[in-house]
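These notes are about the structure you will find just below.
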Amino acid sequence: METTLLLIDPDSRSAEFMQVALRKAGYDVQSVASGKEGLIAAWRDQPDIIVLELALPDLDGVEIVRKLRADPRTERKLLVGLTGRSSPEETKAGHEAGLDHYLLKQPDALDLLLRTLAPHRRGGLGAGGTAPLQPGQLIAMASARGGIGTSTLTMNLAFESGRGRPAESVAAMDLSLPLGTLASMGGVEPKTDLIDLTELGATVRMPAGFKRHLTWIPGWGIYLAAGPRDPRRATQLRADALGPLLQALRATFDVTFVDIGRSLSRLAFLLFSQADLVVFLVGPDEPTARNGRHILRFLTEEGVPADRFLVVSNRPTGGEPMVGHDLENQLGRTVDLAIPNSGSHFALASSLHAPFALRFPEESAALALRELSEKVAEKLRVPAG
C-alpha cells in the first residue's frame, strides 16, 4: 500500500507543485487549502503523514498542530511544517506544539522534504530489518562549561561519523561565537564564514552547488561551515538568517555537527529547537556536574525533549574524577558514555591537525570515540513506516 499524505496549503501553485512531486515519489496525496478542511480530512481519513503550511487563512497553523496531537486519531502521525515562517520564536513554537520537522519554503525544500519522509514510508526497513537512518540530521554539540573539549569532540565525532558513510556526506558548523576553533583544528584557512553563507542567495544554497562555498578539510573527510573570521563579525549573524542556513546543511549532508560550546543565546536556542540530537558534555567534577544539571533542567523546561540528549563525561585533563553513581547523582540523570583521559594526546593530535583515532588508534579514548559515534547513529535511527 502507498503511504498516504495530507497536504494543507492555501497557495494553489505551491500545493499543485508539491502534489505532483509527491505523487511521482510514490505517495497517495490529498490536498486541502484551509485549516478547517485540514482538520476534517486528518480526523476522517487518518493519513500516515500530514504536511502543513503554518500561515493559513482561517486557523493558526500552530494551533492546528496542537489539536492534531491532542486527538487520539492523529496523535502519533508524522507532522511536518512546510512554511515561510523562519524566526527562532516561530520555529520553537512549532516544535513545542508537536511538529516532528520544521522546513522552510526555500528552493531546497522539496528535496529535503522527500529525504525527510523517505524513512517513514510503509515498508521502509533498512538492511537486516533495522530502522533506517534519517537523512539531513543536525547534531548540537553543547557543554556545561568551557574548556572541556566540545570543539575537539565535534571534529572527532564528525570524522568518526564520516568513516561509515558515503564520501562528502558529513559537515561541521562552528557556532561557538564570537570566534570558533574548528578551522584551525582542521588546519585550513576557510574561504567563507557563517556570515558569508547566510548572505548567499537561496538558489546558491541548493545542494548541487552549496558545497563549493564551504571549506573541505582533507584528512578529516568533512566540510566546514566556519565561524566568523573576525570576532566583530559575530554580531552580524542574524537569528532569522540562521534557520535557512541550517536547512541548507540538512538538504546537502547526511549529518551536520554544530559546535555551540556553552552558549545559551537566541542562536543556540534555534539550534536546540531543530537539532535531532544534543550531545551534552560534562566534566567529571562537582562544580561542572552541578552546572550541567541546571542547564539540562533549563533546556528541558524550555521544550527540548529529555530523550534528545546524549550525555558524555569528558576528561580533557587529569585529576581524580567523579565516577559512576556519584556523577550521575550530581547530574540527576544517566551518563551515556565516558571518554577517558589521554594525557596530552588530544592536544597533540589537534596541534597536528589530525583526527585522534588516526594518530592514537590503540588508545582507549579512540575506542570510546568510536563507541560514541555508534551511540549517535543509534539515537538517529527512526521507526520504519
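Within region 71-91, is there a residue that is farther than 30 Å from R205 by Cβ, among the small types (G, A, S) and buried (at least 19 other Cβ atoms within 10 Å of the Cβ)?
No, that holds for no residue.
Mind listing whichever residues of region 328-353 are within 20 Å of G162 (Cα to Cα) and surrounded by 20 or more Cβ atoms within 10 Å (Cβ to Cβ)?
I339, F346, A349, S350
Does G303 satisfy being on the phi > 0 side of the Ramachandran plot, open to solvent by less than 70 Å² (accessible area, probe 1.4 Å), in contact (Cβ under 8 Å) with a residue 60 or more places away in the chain and within 21 Å of the chain's Cα centre (by Cα)?
For G303, the condition - on the phi > 0 side of the Ramachandran plot, open to solvent by less than 70 Å² (accessible area, probe 1.4 Å), in contact (Cβ under 8 Å) with a residue 60 or more places away in the chain and within 21 Å of the chain's Cα centre (by Cα) - is met.
Taking region 111-123 as the search range and keeping residues that are modelled with pLDDT of 85 or more and open to solvent by less than 40 Å² (accessible area, probe 1.4 Å), which one is farthest from P47 (Cα to Cα)?
Result: L112.
Show the residue pairs meeting these rules: Cβ distance below 8 Å; 6+ apart or different chains; first residue within region 361-382 and closer than 30 Å to R121 by Cβ and hydrophobic (A, V, I, L, M, F, W, C); second residue in a helix (DSSP H, G or I) and modelled with pLDDT under 90.
V382/P119; V382/H120
Contact list please: Cβ distance under 7 Å, first residue in region 324-352 and within 22 Å of T154 (Cβ to Cβ) and without any contact (Cβ under 8 Å) to a residue 40 or more places away in the chain, second residue part of a helix (DSSP H, G or I) and among the polar types (S, T, N, Q), pairs at least six apart or on different chains.
P340/S364
Can you tell me which residues in region 187-240 are surrounded by 22 or more Cβ atoms within 10 Å (Cβ to Cβ) and assigned to a helix (DSSP H, G or I)?
Listed by number, the residues that qualify are L194, L197, F210.
Which of the residues belonging to region 100-109 are in contact with a strand residue (DSSP E or B) (Cβ under 9 Å, 6 or more places away or on another chain) and closer than 14 Å to T203 by Cα?
L104, K105, A109
Please state which one of D193, D254, D259 is in contact with an Asp or Glu (Cβ under 6 Å, 6 or more places away or on another chain) and either within 27 Å of A354 (Cβ to Cβ) or of a type in the set (K, R) (or both). Steps first, please.
Working: D193 fails: in contact with an Asp or Glu (Cβ under 6 Å, 6 or more places away or on another chain); D254 fails: in contact with an Asp or Glu (Cβ under 6 Å, 6 or more places away or on another chain).
Result: D259 is the single residue among D193, D254, D259 that is in contact with an Asp or Glu (Cβ under 6 Å, 6 or more places away or on another chain) and either within 27 Å of A354 (Cβ to Cβ) or of a type in the set (K, R) (or both).
Test of understanding: among G261, G227, G243, G219, which residue is in contact with a His (Cβ under 9 Å, 6 or more places away or on another chain) and either among the hydroxyl-bearing types (S, T, Y) or in contact (Cβ under 8 Å) with a residue 40 or more places away in the chain (or both)?
Residue meeting the stated conditions: G219.
The values are calculated or read from the model by the stated rules, or taken from the named source; none is laboratory data. It should be emphasised that the depicted structure is a prediction, and the values quoted were computed from it without experimental measurement. Counting neighbours? That spans all protein chains shown, and the Cβs are built from the backbone with ideal geometry, glycine included. All accessible areas refer to the heavy atoms of the entire protein, side chains included, with ligands and DNA or RNA removed. Shrake-Rupley method; radii C 1.70, N 1.55, O 1.52, S 1.80 Å.
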